[in-house]
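Report on the structure given below.
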């Protein structure tokens, strides 16, 4: 690419980024978190950096038109900004925080939950080239953002101004976005999760089972057999995608659900622990403190005080 074409390309990218930022700013002017009427599309505004927060990151693409955010998966850090997007192909436990934002230049971003069944159908119905499946890798990655991707999301958000067109136009834009992702830098990552029978798809199915059955006793041998793998192969691929073992993943799910039960539903420590599958209250308290830094009662009291501040 010659210098003139490169400058033109950079100008187009800047214009697309500015247009997307303006749209997000307008829709988040009165509320910093907007679950839109477009299924799976969340708009966010932050006017200050935030403390790290633990949550389950759904399969999604995250874009920021302004500002910077960091996600930690295990010991690995992923930082994305107006020049890069974050893509997650399976639900993974992460720590995330905003590191660049201010009232004058707030972080303006979006999260769009990926429907991998639509990706699989697009792969089946189209003539997209199918690369040789790579080894299962992390379920998360960073890639440079493109003008075409920004423009597609701009058109998606613009549908909020014409809601009658959402049922007709949204599927087209959704397929366009998935096309760019499947044929881009992270296409192989999405393909290995969306392709039936692949190791990535089998691990994603196992993660789904764990999320729905976290309170049950986990028998890794049975889960591995259901996934069509030996126990050692299952452990290897599960840890590669999530940085956790299946037991660690289940523990994470249990502890976060117990925290939610105590905070949102006012359950006491004993009932919350039993509800998520713990039989020993001392073990629950010990593992809770290891996960969140303080014992359950103190942690919930602190969270309640923060919410009242």
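No value in this document is a laboratory result; all are computed from the given coordinates. What you see is a predicted model, and the numbers here were worked out from it, not measured in a lab. With ideal geometry, Cβ positions are generated from the backbone for all residues, glycine too; neighbour counts draw on all protein chains shown.
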C-alpha center-to-center spacing [the stretch 162-197, the stretch 201-223] in angstrom: 26
Anisotropy class of the stretch 197-247 from Cα gyration tensor, a/c 1.5 cut: rounded
From Cα pairs below 8 angstrom and at least 6 apart in sequence, can you work out the relative contact order of the stretch 199-277, rounded to a whole percent? 32
CD proxy, 222 nm, the chain: helix-only mean residue ellipticity via -39,500 (n - 2.57) per DSSP H run with n ≥ 4, per residue, nearest 500, stands at -16000 deg cm²/dmol
At residue 215 and residue 282, where each label point lies 7 Å from the Cα along Cα→Cβ, what is the point-to-point distance in nanometres? 2.5
What full-extension length gain, to one decimal in nm, is calculated for residue 169 and residue 264 as 0.36 nm per residue of separation minus the Cα-Cα distance? 30.5 nm
Given (i) 14.3; (ii) 15.8; (iii) 18.4, the label whose value is mean projected area of the Cα convex hull in nm² derived from this model: (iii)
In whole Å, largest first, what are the principal axis extents of the Cα atoms in the stretch 171-289? 49, 36, 20
With Cα coordinates, the longest principal axis of the chain makes an angle with the long axis of helix 3-27, in degrees rounded to 10, of 60
Using alpha-carbon coordinates, inclination of helix 296-308 to the longest axis of the chain, degrees: 40
Taking Cα atoms, the helix 116-125 axis meets the longest principal axis of the chain at an angle in degrees (rounded to 10) of 50
Tell me, what is a quarter of the convex hull surface for the C-alpha atoms of the stretch 50-153, in nm² with one decimal? 7.8
By how many nm would the segment from residue 162 to residue 14 grow when fully extended, if each residue of separation counts as 0.36 nm and the alpha-carbon distance is taken off? 50.7 nm
Extension gain from residue 51 to residue 95, taking 0.36 nm per residue of separation minus the Cα-Cα distance: 14.9 nm
